[in-house]
1. Could you compute the net charge surrounding Ile70? Neighbours are other residues with a C-beta less than 14 Å from the C-beta of Ile70; K and R count +1, D and E count -1.
2. Can you sort Ser210, Ser143 so the residue with the fewest Cβ neighbours within 10 Å comes first?
3. Please enumerate, by chain and number, the lysines with C-alpha under 22 Å from the C-alpha of Lys162, excluding those fewer than 8 residues away in the same chain.
4. For n ≥ 4 DSSP H runs only, could you compute -39500 (n - 2.57) per run for the chain, divide by its residues and tell me the 222 nm figure to the nearest 500?
5. How many angstrom lie between the Cα centre of the range 176-222 and the Cα centre of the range 142-173?
6. What is the fewest-to-most order of Val121, Val30, Val108, Val37 by other Cβ atoms lying within 10 Å of their Cβ?
7. Mind putting a number on the dipole of the chain about its Cα centre? Charges go on the C-beta only, +1 for Lys and Arg and -1 for Asp and Glu, and I need it in Debye to the nearest 20.
8. Name the lysines eligible as straight-distance cross-link partners of Lys94: C-alpha to C-alpha under 19 Å, and not fewer than 8 places from it in the same chain.
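Values in this text are rule-based calculations from the coordinates and carry no lab data. Since we're looking at a predicted model, the values are computed, not measured. Note that we place each Cβ from the backbone using ideal geometry, even for glycine, and neighbour counts take in every protein chain shown.
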Amino acid sequence: MAHSETAPPHEELTLRAAVAQFVTFPSPRVLLPATAVAIATRVAVGRWRWRDLGLAGGILAAEPFTEWLIHVGILHLRPRRIGGRLIDPLASRKHRAHHQDPRDLDLVFVPMPIVKAALPVAVVGWAVGERRLGTALTGIATSFAMLTTYEWIHYLIHTPYKPRHTPYRKLWRAHRLHHFRNEHYWFGVTMHLGDRVLRTYPERDAVPASPTARTLGVEVAV
């Protein structure tokens, strides 16, 4: 039987309470100060150029496709053996656990080893890729802000907080369809342009309920 498309009833959460709870988790406790420092440093350096706008806009424009590719190519990657070695990344294992229990908020966030690795890699990558300090900081600050935004929206969708505005309601509904209707569609979290372009944003009744929405087709312990 397909997993229910409606999460079990539970007490509604206020937005203020959701924020207070969000900042208690390890990932936000790293990302929020890192993002604040990156933005403050960028503002302090100043010397704005049109390239700053282009970089920030490019990161924002790429986000729906970045989310789609990571979700499909890594998070839903099934374990496989190559040369006798099992290939089953941490992100994939944690995401399967997340699908098995979408209400477990500890499983909502990007695993901390990945967060801790991603931040310095981003800093080094932007520092090497951009000759100017200002534009490198723009790339760092925008990248950090997008990851923090992703964590916040994904977390909020999985809390009992009820959507009150149309843009968020659409994100909330689509992500719950991904979990409780069919895991092969609705891969975006912060936006769904990638899904629409890549044709993974169907109407609810246009695709069947999937019997593997919980397991992602992997019947092994995670």
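1. So the surrounding residues net to -3.
2. By the 10 Å Cβ count, ascending, the order reads Ser210, Ser143.
3. In chain and number order, the partners are Lys170.
4. Roughly -18000 deg cm²/dmol at 222 nm, from the helical runs in the chain.
5. Answer, in whole Å: 17.
6. Listing Val121, Val30, Val108, Val37 from fewest to most nearby Cβ atoms yields Val121, Val37, Val30, Val108.
7. Using only the charged Cβ atoms, the result is roughly 480 debye.
8. Qualifying lysines at Cα under 19 Å: Lys116.
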